[in-house]
Structures are given as structure tokens and as C-alpha cells.
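Engineer: Below is one structure. I have some questions about it.
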Amino acid sequence: MEADPAEPLDDAVAALPEPQRDLASFALPPEEQACFDRDQEPYTTVVDAHFHPRPFGGPAISTEELYEYFDRLGVRFVNYFGIGQVLELDSGCTYYLDCIGTAAKPSIKNDFVNGMEVAAHPNDNLHVTLSMTFIDLVNPDIVVELIELYDREYPGMFQWAGELNVMKQALLGNLHEPAGLKHIDDWAPFMALLHERAIPITLHSDLGNDENPTEFLYLMDYVLESYPDNDIVWAHMGLSRELTTMDPNQHVSIMSERLDSYPNLMLDISWDVLYDAYHQWGSVFLEFFNEYSDRILPGSDFVAAGYKSYGDYARELEITGRVHKFLDDDAFRNIALGANYFRLMDLDYHAPLICTPSELAM
Ligand SMILES: [Zn+2]
């Protein structure tokens, strides 16, 4: 599909350099890849580790069109996160906040469609990681049984879990039931299975809100204490639209303590809300990202509702990637060039090395 020349693009998106690397280039050892020139190549991530190919309801962007978006922006790796919570089918709703009172409950529906779409559209320039987003954290009893269903229907295809909601305040109007401590105890069988298979799990667990920034921290702490061996990814670093005025120093110190205590914890810095509503990624965050750069995953948190277009995805990828521009070279390689993702997933791909000044002068 050709780009529509009349489609307005944000200046920042229009100014992004052309991506220069295909998927195969990442399969070479780092020394054999062309060094990465940060002035001439995009600062946006090559790994979108938080992407929703289907909306809460209604039509989605077609797979062919999505693949075109990724290709145009140099995204070569993507996590397909449901979306897991589907609005009641007879509601006619597309976005949960437009349909308060309509239930949005975890379901296998979108995972199954995603599995079929990925199988039907092989693409040698894109690595898709399918994710189990059906898991209902307040009804954990049937999870192992459903994973066995996935094993039968999609053998070996689902290598991630999440995004799952522990506590998502924004969804409370859609009958989302937050997980409690007893529920978390009852996750043990499926958490053991995920650990055995080295499947990471992305959890959305709001830290709190502007009235009480750490109101729900105890939930994530309990998860981390209970399952220290699992690869847990904390979506949005616990931030949200409900928590936009927290002192960044307090936030960063809470995150650092958890990263120090739990070596398998990773943070997801996806979602344009974080950039828009927060700090515009001020210096406190930059220092933190540089210091803990091997513990951070990038992503857009784009939801591919059918009414959206290329410009919407490009804008969200650009905004969520803007912070990469200011990272040091190590952090840029770890986060934006995929080194963390490849290590976590034990993939046979490698991030390129950043060009040295002498290489650039050649
Ligand atoms: Zn998300």
C-alpha cells in the first residue's frame, strides 16, 4: 500500500531518517553488522515490545497494512499483545473509555485471531512474538488448562504473556476486577509453567494516583516477592493517566529499589501518556535509564483500531522513542537497538555496535 501524500504527518515523524536495516542484518554478529550511525539512522526503536494489533472492539487495521507500517519505520521485532480485554461483543464499542459500564474482560478471542493472522502472513523482514493475553488474574484456576489449549491449537507459537492487568484504574469503569493478594497466591501453577518455558510476563499494575502515588505499590511488591524467578515486565513503570504529578525522584527511587532487589524484573517505558503527561522525560529519568539501561524495554502501546492510520502509529512510536535520542550509546543499544529484548527472549539476533567517532570520520 502506498503512502497517501496528502496524509499530514507530524514534523518530527517527517524528519525521521529512513530506516536502513532489515531483519536479516540483526542475525549477523555485531562486529559484522554496519556500525549504527546515530546521526543518520532513526532514534525510534527497532523493537516494539508493547503493541496491540487488535482493539477492544470493532474492526482492526489489516495485517498487511500493519506490516507496512513496521517496515516504513524500521520496526523489525514486535510483541503482539491481544488486546486481551475484549468489550462485550454486542456493545458495538471500540474503546473502553467511550463505553463506561460495558464489561472489558480477558478473553482468548484476540490471541486466536492474532495466531491465525501471523500464520497466514509470513514475513521475512519482521519477527512477531505472539503473546497470551487471555489470562484473567482474578480467575487463575483455568489458566493452565487454557495454555494447554494454546499448545494444541498453536504449538510453540505463543512465547510471551500479557499485557495483563493487576490493577488498572482506567478500566474500573469497565468492570475490571483488580487482583488481590489471595489471587496472586493462586497464580502459582501458571507462573511455574511460564518460568519453566522462560516466557516473560508483562503486567500492568498502576503504582497509584495523584492523590496517593503509591496506593497500589503493595500489589506489585507482593507479586515480585512471590515470583522472583519469573521474568516480569512492569508495564509503563507503573505510571498512568491517573498518576501524572508524582515526584520523579520518588518514582525513580522506588523503581531502582525493585530493580536492585529483583534481578529478573524489567521495566516497560511504553505509552505516549508517559511522555505527554509526565516530565517530558526530564534529566532524572535520563540518568535512571542510562544507569539501568539493561533493564528497560521500549514500545509504543499502540492499539490498532481500524479507524487509525499510519500517521497515528508513526506519531506514537516517535513520541515514545524521543527519549532514546538523549541516551548514552550503551543505553541506546540496549533499549532502542534491541539488545535487552534479544537477551530476554534468547533470540539469535544481535544489536549493532554504535559507530565510534573514527568510524564516522571514514
Ligand atoms: Zn498496553
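The values are calculated or read from the model by the stated rules, or taken from the named source; none is laboratory data. Quick caveat: nothing in here was measured; it's all calculated off a predicted structure. All Cβ positions, glycine included, derive from the backbone under ideal geometry; neighbour counts span all protein chains shown.
Engineer: For segment 345-362, which residues satisfy the criterion of being surrounded by fewer than 19 Cβ atoms within 10 Å (Cβ to Cβ) and in a helix (DSSP H, G or I)?
Structural biologist: P357, S358, E359, L360, A361 - these are the residues of segment 345-362 that are surrounded by fewer than 19 Cβ atoms within 10 Å (Cβ to Cβ) and in a helix (DSSP H, G or I).
Engineer: Quick check: anything in segment 110-117 within 30 Å of G208 (Cα to Cα) and surrounded by 13 or more Cβ atoms within 10 Å (Cβ to Cβ)? Please lay out each step first, then the result.
Structural biologist: Let us first name the residues in segment 110-117 that are within 30 Å of G208 (Cα to Cα), namely 110-111.
Then keep just the ones that are surrounded by 13 or more Cβ atoms within 10 Å (Cβ to Cβ); that gives 110-111.
Yes - at least one qualifying residue is present in segment 110-117.
Engineer: On to the next question. Give the residue that is surrounded by the fewest Cβ atoms within 10 Å (Cβ to Cβ), with candidates limited to residues of segment 264-298 that are of a type in the set (D, E) and at pLDDT 90 or above.
Structural biologist: In the first step, residues of segment 264-298 are kept if they are of a type in the set (D, E); the result is 268, 272, 276, 287, 291, 294.
Still in the list and also at pLDDT 90 or above: 268, 287, 291, 294.
On the way: D268: 25, E287: 11, E291: 14, D294: 16.
Going through the qualifying residues, I end up with E287.
Engineer: When you go through (1) among the hydrophobic types (A, V, I, L, M, F, W, C); (2) part of a strand (DSSP E or B); (3) surrounded by fewer than 24 Cβ atoms within 10 Å (Cβ to Cβ) one by one for A24, which number turns out not to apply?
Structural biologist: Failed condition: (2).
Engineer: Here are E148, E163: which of them is closer than 18 Å to I201 by Cβ, acidic (D, E) and in contact with a strand residue (DSSP E or B) (Cβ under 6 Å, 6 or more places away or on another chain)? Let's see the steps before the verdict.
Structural biologist: Numbers: E148 fails: in contact with a strand residue (DSSP E or B) (Cβ under 6 Å, 6 or more places away or on another chain).
So the residue among E148, E163 that is closer than 18 Å to I201 by Cβ, acidic (D, E) and in contact with a strand residue (DSSP E or B) (Cβ under 6 Å, 6 or more places away or on another chain) is E163.
Engineer: Being within 19 Å of E316 (Cβ to Cβ) and of a type in the set (S, T, N, Q) is the filter here; which residues of segment 73-96 pass it?
Structural biologist: N79, T94, listed by residue number.
Engineer: Name the pairs whose Cβ atoms lie under 9 Å apart, with the first residue in segment 282-302 and among the basic types (K, R), the second within 16 Å of the ligand (Cβ to nearest atom) and at pLDDT 95 or above, and 6 or more positions between them or separate chains?
Structural biologist: R295/M266; R295/L267
Engineer: Can you tell me how many residues in segment 28-72 are of a type in the set (D, E, K, R), under 21 Å from the mean Cα position of the chain (by Cα) and closer than 19 Å to F332 by Cβ?
Structural biologist: 1
Engineer: Would you mind finding the one in E211, E291, E242 that is among the acidic types (D, E) and within 16 Å of the ligand (Cβ to nearest atom)? Don't jump to the end; show me each part of the working.
Structural biologist: On the way: E211 fails: within 16 Å of the ligand (Cβ to nearest atom); E291 fails: within 16 Å of the ligand (Cβ to nearest atom).
Only one candidate qualifies: E242.
Engineer: Condition first: out of contact with any Phe, Trp or Tyr (no Cβ under 7 Å at 6 or more places or on another chain) and outside any helix (DSSP H, G or I). Now tell me which residues in segment 324-344 satisfy that.
Structural biologist: D328, the sole residue that qualifies.
Engineer: Are there any pairs with C-beta distances below 7 angstrom linking a residue in segment 250-272 that is more than 12 Å from I232 (Cα to Cα) and free of Cβ contacts under 8 Å to residues at least 40 places away in the same chain to a residue that is in a helix (DSSP H, G or I) and within 16 Å of the ligand (Cβ to nearest atom), with the two at least 6 apart or on different chains, and if so which?
Structural biologist: Filtered contacts from segment 250-272: M255/M237.
Engineer: I'd like the residue in segment 202-235 that is in contact with a His (Cβ under 6 Å, 6 or more places away or on another chain) and in a loop (DSSP other than H, G, I, E, B) and, out of all such residues, is nearest to S300 (Cα to Cα).
Structural biologist: Keep residues of segment 202-235 that are in contact with a His (Cβ under 6 Å, 6 or more places away or on another chain), which gives 229-230, 235.
Keeping just the survivors that are in a loop (DSSP other than H, G, I, E, B) gives 229-230.
Numbers: D229: 27, N230: 24 Å.
Here the answer is N230.
Engineer: Provide a single number: the residues in segment 152-199 that are modelled with pLDDT of 95 or more, in a helix (DSSP H, G or I) and in contact with a Gly (Cβ under 8 Å, 6 or more places away or on another chain).
Structural biologist: Total satisfying the criteria: 1.
Engineer: Considering segment 50-74 alone, what residues qualify as being among the aliphatic types (A, V, I, L, M) and in contact with a Ser or Thr (Cβ under 7 Å, 6 or more places away or on another chain)? Explain how you work it out, then say what you get.
Structural biologist: First, pick out the residues of segment 50-74 that are among the aliphatic types (A, V, I, L, M): 60-61, 66, 73.
Once the filter is applied, which keeps residues that are among the aliphatic types (A, V, I, L, M) and in contact with a Ser or Thr (Cβ under 7 Å, 6 or more places away or on another chain), segment 50-74 yields only L73.
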